[in-house]
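Bear in mind that the values in this text are calculations on the coordinates, not laboratory data. Nothing here was measured: the structure is a model prediction, and the numbers come from that model. Here the Cβ is made from the backbone with ideal geometry for all residues, glycine too, and neighbour counts use every protein chain on show.
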Amino acid sequence: MTGRVLFLRTHDSARSQMAEAFLRSLAGDRFEVASAGTEATRVHPFAMSVMSEVGIDLHGHTSKTADWLAGR
């Protein structure tokens, strides 16, 4: 059985995006992973830069609201 993990923050712009990407990278398909916020903004450029330093690309990520994930 696959576990499900949601990282929820206010803007879903940096820490939640980074946590989602790290778990995807480390756990593969063992978890269904998502991140969301109470407000959607953008993925912060510094988060993208830092993650690229460890070989993880956030350029395809988007900031999402918790409402967007409702019902999934």
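What 222 nm value per residue comes from the helices of the chain, counting each DSSP H run with n ≥ 4 as -39,500 (n - 2.57) and dividing by all residues, nearest 500 deg cm²/dmol? Display every interim value, and only then the final one.
Numbers: 3 runs with 26 residues, N = 72.
For the chain, the value works out to -10000 deg cm²/dmol.
Once you reduce the stretch 2-41 and the stretch 48-69 to the center of their Cα atoms, the two points are 9 Å from each other. Model label sites at Thr41 and His59, defined 7 Å from Cα along the beta-carbon direction, differ in position by 2.3 nm. Considering only beta bridges that DSSP places wholly inside the chain, some 0 percent are antiparallel. Assuming a ≥ b ≥ c are the square roots of the Cα gyration tensor eigenvalues, decide whether the chain counts as rounded (a/c under 1.5), prolate (otherwise, with a/b larger than b/c) or oblate. It comes out oblate by the Cα gyration axes. In this structure the amide hydrogen of Phe7, modeled in the peptide plane, comes within under 5 Å of the amide hydrogens of Ala34, Ser35, Ala36, none closer than 5 places in sequence on its chain.
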